[in-house]
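Report on the following structure.
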Amino acid sequence: MATDTAEQTAARSNGREPRSEGAVLNLFSQGFLWLWALMVIVPVVWVVVTSFKTSREIASDPLGLPAAMHFENYANAWTNGHIGGYFLNTVQVMAFSVTGTMLLGAMAAYVLARYEFPGNRLLYFAFAGGMMFPVFLALFPLFKTLQNVGLLNTYPGLVLVYIAYSLPFTVFFLTAFFRTLPTGVAEAATVDGAGHYRLFFQVMLPMAKPGLIAITIFNIIGQWNQFLLPLVLLSRNPEDAVISQGLANLALRQGYEGDSGALFAGTVLAMIPIFIAYVLFQRQIQAGLTAGAIK
Amino acid sequence: MRHGRYPFILSFLALPVGLYAWLVILPFAQAFQISLTDWSGSSNTFNYIGLDNYVNLFKDERLVLPALRHTGIILVVLPVVTISLGLFFAFMLNLGGRGRQGRIEGVRGARFHKIVYFFPQVLSVAIIGILWKQVYAPENFGGLITGALTAVGLPAPVNGFLADKRFVLAAVIAVLVWSAVGFYLVFFSSAMASIPRDLYEAGIIDGAGRFQMFFKITLPLLWDSVQTAWIYLSIIALDVFVLVYMMTPERGGPDTASEVVGGVIWKYAFNHGEQAFASALGVVLFFAALTLAVVSLRFGPRERIEF
């Protein structure tokens with residue numbers, strides 16, 4: 001990018017002491033590593049700093065520090081921007097959608113992984129193939145489907161859609177995971193008289209815990225960030241919006257009202273829980289998000 | 001155990017398969033059907049008009065053709081840049097350092113870098129869109145880059161980067177790369193972790209530098225992962241829409257300079273009321289994704305190296 005000269009020089013001066021062997025290469029790669037780190041850090045920190053400025057300060061001096069900590073932006077974002085409400089809406093939807101996804105996904109994956117029956121492969125590919133479908137293609141028929149059964153613009157409708165669209169990856173990943181579990185334990189439990197249901201809930205699910213945790217994290221992040229589906233399926237009442245949709249509304253309104261301070265504050269508010277969760281569970285999140293890719 | 005086997009299978013599959021068929025498979029099937037009609041989306045009447053929509057797609061110079069061109073550009077640039085950066089960072093952070101006694105390890109601060117690079121991956125695309133819209137904004141609206149450029153005395157686009165036809169597509173792609181690199185860094189890192197260290201130690205003894213180690217040892221052994229990453233990024237590239245929707249003027253502008261296929265489907269379906277036409281474009285997108293996946297799976301695998 002041609003636009004990072006200031007950051008680049010800052011990054012260069014951070015380069016570590018060169019060694020005799022490959023000193024230039026070392027300097028270059030260290031500089032580049034720091035440049036990229038700054039490209040992530042600088043915009044995020046800048047948004048946080050800017051969220052304490054007045055809208056006039058933001059426009060007149062984008063790079064400067066705020067003259068005084070302007071906390072009103074946060075009050076505005078919380079009350080006029082309804083950020084708190086959007087949070088609650090999202091949590092409410094996801095409590096059901098993530099639970100439902102995991103339960104239905106685990107059930108389907110378990111049967112597909114450990115039971116032979118006609119049509120098994122077909123179902124597996126029907127689920128796995130869903131990962132490739134471009135969602136746009138289904139949006140309008142989906143809109144009509146929900147409208148016909150009266151679930152358009154309702155949370156139950158959105159929950160069902162979230163579950164359905166999270167199933168492909170969940171089933172794909174968990175099927176692979178259930179296949180790797182040892183058969184010996186299952187056989188022993190069967191000998192001891194466990195039926196199919198007890199075997200699943202009391203033996204196999206606990207054994208699959210690492211896989212379940214990874215994919216739960218994946219689904220939480222995925223559904224928290226979902227934007228397209230609620231945009232189409234939950235559009236009637238702005239107060240019902242989920243968080244990403246609500247932020248977009250805030251961004252749109254800021255364009256008319258010119259209150260960019262509230263927008264920055266709202267963005268920061270939306271980032272805070274993600275940031276805390278990320279710092280705390282950084283290892284698990286990285287494992288969970290990349291889990292599906294490593295077979 | 002044979003007892004009650006099929007009732008059990010049925011009871012476990014009924015809900016997930018039913019829900020999936022109802023809300024995923026059926027809408028997709030309907031979209032294929034709609035694409036063969038002249039349905040506007042609002043009325044209840046429509047006629048089957050065969051493949052007319054598909055023919056007309058490629059005559060639409062106003063939206064569809066620019067969108068196909070831009071999505072094509074993203075389809076090439078996004079995987080190439082993201083995978084190159086991801087591989088480079090993963091190599092530097094895992095193997096690039098020369099520790100004491102010639103041990104193979106990452107450069108200093110590797111853990112910190114990994115945490116930082118991955119962070120955009122957990123941010124929602126809505127937040128990323130808002131964040132970068134502000135970063136790219138014109139100077140008198142508080143833009144970060146324009147402000148920085150002016151501060152050091154360099155010229156900056158007067159209306160910001162997103163309102164400038166020359167920069168808008170590159171600006172969107174840069175954000176896509178920015179948010180994706182961390183994921184592929186971690187992805188390639190875990191693949192690199194499975195490469196035995198003695199291969200590198202042997203390389204060092206034979207006097208290989210880091211360039212040679214990367215191109216002669218790491219890259220050939222990572223080929224499977226690169227291929228997987230390529231498929232993922234291609235699908236992401238074909239689905240680009242939300243960022244364009246959130247960041248660019250007129251949701252694809254200025255003057256169609258950042259129009260993408262997803263956005264055009266959206267416009268025809270929800271703004272212009274041309275449901276059938278939008279569906280036809282969606283079907284084209286679907287087959288593009290399918291073709292890409294099949295091609296890279298068929299022609300990708302080289303002979304597998306066991307280690």
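The values are calculated or read from the model by the stated rules, or taken from the named source; none is laboratory data. From a predicted model like this one, the values you see are computed outputs, not experimental measurements. No Cβ is skipped: glycine too gets one built from the backbone with ideal geometry, and neighbour counts run over all protein chains shown.
So, in the range B:12-48, of the ones that are under 17 Å from residue B:272 (Cβ atoms) and among the hydrophobic types (A, V, I, L, M, F, W, C), which residue ends up nearest to the other protein chains (Cβ to nearest Cβ)? Write out each step before concluding.
At the first step, the residues of the range B:12-48 found to be under 17 Å from residue B:272 (Cβ atoms) are B:31, B:34-35, B:37-43, B:46.
From what's left, among the hydrophobic types (A, V, I, L, M, F, W, C): B:31, B:34, B:39, B:46.
Details: B:31: 5, B:34: 7, B:39: 10, B:46: 13 Å.
Result: B:31.
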| message | I want to confirm something. Restricting to the range A:93-135 and keeping residues that are touching a Leu at 6+ places or on another chain (Cβ under 7 Å) and among the aromatic types (Phe, Trp, Tyr), which single residue is farthest from the other protein chains (Cβ to nearest Cβ)? | response | A:124
| Checking residue B:250 against (1) among the acidic types (Asp, Glu); (2) touching a residue at least 60 places away in the same chain (Cβ under 8 Å); (3) assigned to a helix (DSSP H, G or I), the condition it does not meet | (2)
| Residues being free of Cβ contacts under 8 Å to residues at least 40 places away in the same chain and within 23 Å of residue B:229 (Cβ to Cβ) - total across the range B:144-170 | 1
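Name the residue, out of A:7, A:72, that is at pLDDT 80 or above, within 30 Å of the chain's Cα centre (by Cα) and either within 11 Å of chain B (Cβ to nearest Cβ) or on the phi < 0 side of the Ramachandran plot (or both).
On the way: A:7 fails: at pLDDT 80 or above.
From the options A:7, A:72, the qualifying one is A:72.
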| field | helices (runs of 4 or more DSSP H) wholly inside the range B:131-246 containing at least 3 residues that are within 21 Å of residue A:39 (Cβ to Cβ) and out of contact with any strand residue (DSSP E or B) (no Cβ under 8 Å at 6 or more places or on another chain) | value | B:144-151, B:168-193, B:223-238
| query | All but one of (1) within 11 Å of another protein chain (Cβ to nearest Cβ); (2) modelled with pLDDT under 75 hold for residue A:41; which doesn't? | reply | (2)
